[in-house]
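Shown next, in structure tokens, is the structure this report addresses.
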């Protein structure tokens with residue numbers, strides 16, 4: 001799927017932003033599938049990152065994620081995005097049950113001076129693959145979501161970002177006293193993405 | 001320390017251990033996991049014992065903790081954004097309609113030349129007998145560019161295009177004084193709230209009384225807000241009444257939620273939500289679609305954070321669901337609310353009573369008017385809330401503000417019985433609505449990679 005040109009190992013800001021936003025699109029789909037937020041039937045299988053990945057076929061969700069990643073890549077290119085959080089909430093009570101936190105560190109030099117970095121496509125894909133495997137395997141330790149859930153995505157940006165008309169400001173939707181598991185991270189040499197999932201403590205677990 | 005807490009966390013989390021060993025799908029990243037530290041932050045860390053060595057580590061737990069701390073102090077340096085349109089709820093397998101979102105405006109900020117903000121008022125008019133009463137709303141600037149101001153029992157009209165003054169009406173001594181004025185959206189009809197609980201509708205073209213609305217309130221009517229043909233009135237009795245001015249029995253809805261005088265009343269730009277502020281320090285958000293004739297309408301949100309009467313309310317013109325509210329003498333804060341979720345986004349202590357708030361229609365700025373000690377107008381940059389300018393001139397608290405239809409000039413009326421005009425919001429820019437149509441495609445920007 002990935003288009004390749006002659007200069008293999010050079011990565012530009014644009015390319016890096018595209019990789020990260022694309023990664024988030026697949027990661028969000030994978031989380032929604034693996035955590036059962038949407039019914040299993042609404043997903044279709046594709047091959048990506050050397051793994052079978054599942055993508056939603058639901059038009060509403062599809063367009064939500066498409067619009068989201070489009071905006072994200074714009075912010076990523078400007079170096080304004082600090083973090084993306086996918087929040088899973090109880091549909092009934094609105095209580096936040098899980099937060100998938102993708103922290104982004106941007107290489108300021110690249111944004112300011114427009115230089116490019118060197119890292120092979122293959123290596124980045126391998127790092128992303130490891131995260132995707134971890135997301136898929138996360139169901140083994142995350143608590144069961146035994147009630148209907150909804151999701152939302154929060155973007156943490158710099159304060160000088162103009163709020164697009166389709167976006168509103170939000171509260172952080174934090175979980176009180178959460179349990180956290182850090183996953184692998186990947187680095188395009190321009191954007192470093194750390195993945196972390198925090199979830200509501202099971203009552204019997206801690207006390 | 002790390003090693004010990006790691007092992008203790010293992011002991012206390014048999015779940016993790018089991019999964020790590022028995023489940024072939026879990027691929028732990030030992031170097032990145034640092035569960036011991038996470039555990040430490042969750043137990044000891046949150047009890048308030050800050051560890052100095054922790055400062056060098058960038059644990060997300062610590063980040064979250066700092067985030068909370070920063071929010072408590074209102075020192076948040078990031079913005080948290082979410083899509084206005086939420087993803088579809090899972091159960092509806094096929095959404096009724098597929099929303100095609102409008103394309104995002106280009107986020108590249110266009111360098112704007114700095115504008116100078118005149119520090120003194122452009123024009124000052126005498127306003128004898130202007131009542132120095134915090135709760136009244138005695139000034140409004142209509143869409144036909146006419147300023148209406150109530151001076152005791154009389155309502156005057158000042159035409160901003162030719163600077164001519166006219167007296168619209170002097171009410172009877174027993175009925176007055178006039179406690180509120182508000183222009184209808186057509187810029188022709190003016191609603192006048194009176195001390196005797198009546199509301200009069202006047203035609204400014206013919207200077208004729210069109211109708212009088214009675215029976216809505218038990219006390220004076222000190223706040224008014226139009227929403228098309230609905231005139232919403234707020235009274236000293238704490239009631240908010242929606243009047244349909246077209247029909248004979250004009251009271252169509254009553255909102256009960258305030259215990260004291262309703263002094264601030266504003267409809268949102270879409271006309272969907274009404275914000276009301278009262279002397280009981282509450283701000284309520286009312287949703288039009290939630291109202292029904294049979295049951296008393298309940299508020300959508302109640303904000304109890306202000307510690308003084310809330311008269312100053314302003315809906316943001318460039319961001320939906322964003323409301324700014326300002327508290328009176330005991331509170332002195334400007335607070336920002338997401339009225340969709342009910343979240344408080346920011347709070348700024350101004351150090352003085354907040355009497356009125358206005359958003360700049362052309363720039364992301366907010367103007368507030370204050371009382372003791374400076375009696376100033378303050379211009380704030382949003383969202384950073386950096387104070388850009390202070391405008392002095394009034395010698396008593398600045399009770400009311402109104403914005404010209406082009407959004408550039410602000411009129412302010414104060415207890416010093418003057419009406420001042422300020423050229424604070426600059427010149428209107430040509431709306432550069434270059435909404436480039438962007439192709440919507442699956443999130444792969446494959447063609448862009450390298």
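Some notes on this structure:
- Förster radius 60 Å - calculated FRET efficiency between residue B:145 and residue A:95, Cβ distance, rounded to 0.05: 0.75
- Mean Cα-pair separation over length for chain A, i.e. relative contact order, pairs under 8 Å, 6 or more apart, %: 28
- Fewest-first sequence of A:196, B:201, B:399, A:145 by Cβ atoms within 10 Å of each Cβ: A:145, B:201, A:196, B:399
- Between the alpha-carbon centres of region B:386-405 and region A:144-207 there is a gap of 41 Å.
- Cα centroid separation - region B:233-256 against region B:317-380, whole Å: 27
- Distant alpha-carbon pairs in region B:158-284 (separation over 19 angstrom), percent: 46
- Paramagnetic reach from residue A:118 in region A:9-34 [backbone N under 11 Å; point 7 Å along Cα→Cβ]: A:9-11
- Sites residue B:133 and residue A:57, calculated FRET efficiency, Cβ-Cβ separation with R0 60 Å, nearest 0.05: 0.45
- Label-point separation, residue B:228 to residue B:387 (7 Å along Cα→Cβ), nm: 4.3
- At an R0 of 41 angstrom, the distance between the Cβ atoms of residue B:259 and residue A:144 translates into a FRET efficiency of 0.35.
- Expected-Rg normalisation [2.2 N^0.38 Å, Cα atoms] applied to region B:294-363: 1.16
- Span from the region A:44-118 Cα centroid across to the region B:185-201 one, whole angstrom: 52
- Chain A: calculated mean residue ellipticity at 222 nm from DSSP helix runs of at least 4, using -39500 (n - 2.57): -10500 deg cm²/dmol
- Cα Rg, Dmax, chain A, angstrom units: 17.2, 58
- Our estimate of slack between residue B:206 and residue B:349, defined as 0.36 nm per intervening residue step minus the Cα-Cα distance, is 46.9 nm.
- Fewest-first sequence of B:252, B:247, A:193 by Cβ atoms within 10 Å of each Cβ: B:247, B:252, A:193
- Cα long-axis angle, helix A:13-34 against chain A (0 to 90 degrees, to the nearest 10): 20
- Of A:56, A:166, A:66, the one that fluctuates the most in a GNM where chain A has Cα springs shorter than 10 Å: A:166
- Net length available on complete extension from residue B:302 to residue B:164 is 45.4 nm, with 0.36 nm assigned per residue and the Cα-Cα distance removed.
Every number here is computed from the coordinates shown, using simple stated rules; none is lab data. Since we're looking at a predicted model, the values are computed, not measured. Note that we place each Cβ from the backbone using ideal geometry, even for glycine, and neighbour counts take in every protein chain shown.
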